[in-house]
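The values are calculated or read from the model by the stated rules, or taken from the named source; none is laboratory data. Bear in mind the structure is a predicted one, so any value in this text is a computation, not a measurement. Methodologically, a virtual Cβ is constructed for each residue, glycine included, from the backbone with ideal geometry; neighbour enumeration extends over all protein chains shown.
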Amino acid sequence: MVRANGITLHTQRLDPPGPAVDGRTGPTPTAVLIHGMASDTMASWYFTLAEPLSRAGFPTVLYDLRGHGRSERPATGYALDDFVDDLAALLAALDVTGPLLLLGNSFGGTIAFGYAARHPERVAGIVTVESAPPVPEWMRRVRERLARVADRLPRAGAVTEIGARRGRVAAQRAAETHRMLTDTSLAQELPASPLPTAGALAAIDCPVLCLYGGDSAVVELAPTVRGLLPQTRVVVLPDQRHTVLIDRPEEVRRQVFAWLAEDCSLDVAQPTTA
Amino acid sequence: MPAAQDTILAELTEMIDAVLGDFADDQVVTMDTTFSGDLGMESIDVVALAGRLQSRYGDTVNFAHFVAKLDLETVRELKVGQLVTHIAESLGQADEVGAGSR
């Protein structure tokens, strides 16, 4: 648990077991893994990319966003800038001062872009899964999605139905999401967030990898991302949905390590699971 | 069950109770208890447990590495006993390394 920006954030660090990666200059970036909004936690990264990144030589930081997982849940303070402020304060509290490799799942990717727009000099690379920078079109979709969840979960029997269909743990998670949307202003504040200017976003000049599921509506944002940030490598994983990170972790891992080697000159061999 | 594993199971049970807090059931935790199915632990609860393991055992017991070696199905059905065995083996290896350097 780390105190940052006035709240307590559940944080975990995975230090590389061996020496940092060879064959390049400059300090090794710290990998920061940012999860998605409302029903997600750091577990999505913990069980997929955290360990491979740390074993490849990247100091790795995971945390639960405010209101999520085991982090504190203040009633208000859920605009994009609050999440960016949390991340900046967390890194300061952890004494992480070097370059950053930001990886964000869903809205976590938007926080990564939001951080890079305000601290471009800190960011060595951005990976997003099923995400987009904070642009009006994406925020409109986030608003719709949050409204749909907020509308559905309070209905009588909704959580029971999820339990019957997907099991006890899924029902617990749905109930938890319902509590969060009831106890906080997230569903109202987040979609109304003040956004970075298009100029500030376009000034992000680090390598960017955006992964999408071919069957997810979010892939429709890919041309917008490429228009804004032409250096972006877009990879669409066919037949995958919004949950591609947890459904296809090995494929995501392969794409991330290929991009690290080819676009970031971080020539790391993807660790085997031996 | 070896005495060392007995002790580890008792410690692990305390950590699980701490992680689950008010949501802990009154059931007895055994080597065959599953984290998800029996204890109703969500993935973030398991991550929180990993944090407690790191505080208790340091980097000797690398939970992230342990689960990374398992396939997804095994992680979903992970049993307390598998983790107890892993901890016992990790601590045993650490002892051997320590003994070898003396």
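So that you can scan it fast, the table gives a plain yes or no per residue for (1) touching a Cys at 6+ places or on another chain (Cβ under 7 Å); (2) over 20 Å from A:A198 (Cα atoms); (3) assigned to a loop (DSSP other than H, G, I, E, B):
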{"site": "A:W138", "(1), (2), (3)": "no, no, no"}
{"site": "A:R141", "(1), (2), (3)": "no, no, no"}
{"site": "A:R155", "(1), (2), (3)": "no, yes, yes"}
{"site": "A:E161", "(1), (2), (3)": "no, yes, no"}
{"site": "A:R165", "(1), (2), (3)": "no, yes, no"}
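Does A:D95 satisfy the criteria of being away from chain B (no Cβ under 14 Å), in contact (Cβ under 8 Å) with a residue 60 or more places away in the chain and surrounded by fewer than 24 Cβ atoms within 10 Å (Cβ to Cβ)? Taking the combined requirement at face value, the residue does not satisfy it. Picking from residues in segment B:30-44 that are within 12 Å of the chain's Cα centre (by Cα) and not polar (S, T, N, Q), the one that is farthest from the other protein chains (Cβ to nearest Cβ) is B:M31. Considering the conditions (1) at the interface with chain B (Cβ under 10 Å from one of its Cβ atoms); (2) surrounded by fewer than 23 Cβ atoms within 10 Å (Cβ to Cβ); (3) modelled with pLDDT of 95 or more, A:M1 is excluded by exactly one of them, (3).
When the residues of segment A:168-192 are filtered to those that are small (G, A, S) and surrounded by fewer than 19 Cβ atoms within 10 Å (Cβ to Cβ), the one that is farthest from A:D82 (Cα to Cα) is A:A170. Checked against the criterion of being farther than 18 Å from A:R253 by Cβ and either polar (S, T, N, Q) or surrounded by fewer than 23 Cβ atoms within 10 Å (Cβ to Cβ) (or both), segment A:40-51 has at least one qualifying residue.
Please indicate, with yes or no, whether at least one residue in segment B:80-88 is more than 25 Å from A:M42 (Cα to Cα), more than 14 Å from chain A (Cβ to nearest Cβ) and out of contact with any Lys or Arg (no Cβ under 8 Å at 6 or more places or on another chain).
yes
The condition (being surrounded by fewer than 20 Cβ atoms within 10 Å (Cβ to Cβ), free of Cβ contacts under 8 Å to residues at least 24 places away in the same chain and within 20 Å of A:G104 (Cβ to Cβ)) is satisfied by just one residue among A:R155, A:R145, A:R165, A:R233: A:R145. Return yes when B:S43 is closer than 24 Å to A:D15 by Cα, touching a Ser or Thr at 6+ places or on another chain (Cβ under 8 Å), of a type in the set (G, A, S) and touching a residue at least 24 places away in the same chain (Cβ under 8 Å) and no when it is not. It is false that B:S43 is closer than 24 Å to A:D15 by Cα, touching a Ser or Thr at 6+ places or on another chain (Cβ under 8 Å), of a type in the set (G, A, S) and touching a residue at least 24 places away in the same chain (Cβ under 8 Å).
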